[in-house]
Amino acid sequence: QLQLVESGGGLVQPGGSLRLSCAASGFTLDYYAIGWFRQAPGKEQEGVSCIRNDGSTYYADSVSGRFTISRDNAKNTVYLQMNSLKPEDTGVYYCAADRRVGCLRSGLGYVDYWGQGTQVTVSS
């Protein structure tokens, strides 16, 4: 079964940190660009960060300097390290894989696979 599985979400206080993981099963991430997206209640989905298969990274202005995307091809996993979290970072975070187009700014040009999402809540 080809799928992406996110983990690492949770409840954190403002200023705290979380690390999200996106693990692939049934296929190899090496040839894919991977993007992280988030969906907040009442807002449009936002491309948060993207990493190409050559390791180049892209970030939305809202998270630049606070979030870091990375990949470990040996573990077939992509990570999103989130520091200095703010209440406006709250939402469901999804990872997605694209082999056809690649990163477009902080999003993807096409999505071959979506993960099921993980909830991130930043609140005191």
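The values are calculated or read from the model by the stated rules, or taken from the named source; none is laboratory data. This is a predicted model, so every value here is computed, not measured. Positions of Cβ are backbone-derived with ideal geometry, glycine not excepted, and every protein chain shown enters the neighbour counts. Heavy atoms of the whole protein, side chains included, go into the accessibility calculation; ligands, DNA and RNA do not. Shrake-Rupley method; radii C 1.70, N 1.55, O 1.52, S 1.80 Å.
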Review point. Across region 42-72, what is the number of residues that are more than 14 Å from the chain's Cα centre (by Cα) and among the aliphatic types (A, V, I, L, M)?
Key: 0
Practice item. Answer yes or no: is there a residue in region 97-113 that is within 12 Å of the chain's Cα centre (by Cα) and under 22 Å from L11 (Cα atoms). Key: no
Point to revise | Q3 vs. criteria under 14 Å from the mean Cα position of the chain (by Cα), farther than 14 Å from S106 by Cα and open to solvent by 60 Å² or more (accessible area, probe 1.4 Å) | key: no
Exercise for review: Considering only region 37-58, state which residues are of a type outside the set (S, T, N, Q) and out of contact with any Phe, Trp or Tyr (no Cβ under 6 Å at 6 or more places or on another chain).
Suggested key: A40, P41, G42, K43, E44, E46, I51, R52, D54, G55, Y58
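Could you identify the single residue in S106, S49, S17, S21 that is open to solvent by 40 Å² or more (accessible area, probe 1.4 Å) and either more than 25 Å from Q1 (Cβ to Cβ) or among the polar types (S, T, N, Q) (or both)?
Residue meeting the stated conditions: S17.
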